[in-house]
Amino acid sequence: MEFYELHPQNPQLRFINKAVEILKKGGIIIYPTDTVYGIGCDIFNKDALDRIFQIKNDSNSKLFSFVCSSLKDISNYAKVSDYAYRTMKYLLPGPYTFILPAAKLVPKKLWSKRKTVGIRVPNHLITLKLVEELGNPIISTSTTNRKGEILIDPIEIKNIFSSQVDLMLASGNLKNNPSSVVDLSSDIPDILRKGAGDVSIFE
């Protein structure tokens with residue numbers, strides 16, 4: 001595993017470009033977000049998606065969210081109602097995962113049985129730069145140990161995933177607080193998980 005420490009507010013673009021090169025080749029990376037470290041790949045690379053399912057020890061029925069670069073970008077990958085658009089415009093970028101009806105462009109491997117997908121736009125410069133430079137969304141699934149506990153220490157993450165992942169962009173210890181998950185696939189919002197993002201507007 002290649003390992004690079006980045007400054008969260010002024011990240012070194014050369015390291016981000018290295019990660020993008022690996023993603024374009026079908027590689028797997030670990031990267032920081034505004035909540036926890038994520039394991040990611042290009043959502044359009046089937047082999048890379050299969051590798052992440054194996055890394056997470058999940059069956060193909062397990063669904064992963066993915067990161068878009070902006071609210072405008074989301075509309076390419078999901079069907080966004082007027083209500084969902086207004087809500088996301090107010091809250092994004094931020095520590096939320098929004099469940100939306102999937103657009104045909106998204107690989108069906110990432111669809112739920114209800115034909116929805118989970119989408120994030122984190123408030124983290126490194127994450128957004130990665131997606132912008134790649135030009136495609138990347139998978140966002142948290143780094144966890146075998147017990148399912150979220151890992152926040154980059155050195156511990158490096159030691160556990162060094163033989164499974166191609167590159168890690170580190171940015172110090174992160175808070176152990178995953179994103180809030182809100183289903184906006186209908187006109188009535190449904191809070192699926194209370195996490196880092198304030199969900200009081202949905203209650």
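Fewest-first ordering of 200, 185 by other beta carbons within 10 Å of each residue's beta carbon gives 200, 185. Computed about its Cα centre, the charge dipole of the chain is approximately 560 debye, with only Lys, Arg, Asp and Glu carrying charge at their Cβ. Here the Gaussian network model covers the chain, with springs between Cα atoms less than 10 Å apart; of 126, 191, 99, 191 fluctuates the most. Estimated at 0.36 nm per residue, the fully extended path between residue 158 and residue 200 surpasses their Cα-Cα distance by 11.5 nm.
Based on DSSP H assignment, which helices of the chain show an axial Cα extent of at least 15 Å together with a mean Kyte-Doolittle hydropathy greater than or equal to 1.6? Walk me through the numbers on the way to the answer.
Values: long enough: 13-24 (16 Å, 0.51).
Sorted by number, there is nothing, because no helix extends far enough and scores high enough.
Largest mean-square fluctuation among 149, 132, 21, in a Gaussian network model of the chain whose springs join Cα atoms under 10 Å apart, belongs to 149.
Here are some pairs, 24/46; 109/175; 25/147; which of them have Cα atoms lying more than 20 Å apart in this structure? Numbers along the way, then the final one.
Numbers: 24/46 12 Å; 109/175 30 Å; 25/147 31 Å.
Long pairs (Cα-Cα over 20 Å): 109/175; 25/147.
The lysines whose alpha-carbon is closer than 20 Å to the alpha-carbon of residue 89, local same-chain residues fewer than 8 away aside, are 72, 79, 129, 194.
Values in this text are rule-based calculations from the coordinates and carry no lab data. This structure is a prediction, so every number in the text was calculated from the model and none was measured. All Cβ positions, even for glycine, are placed from backbone atoms using ideal geometry, and neighbour counts span all protein chains on display.
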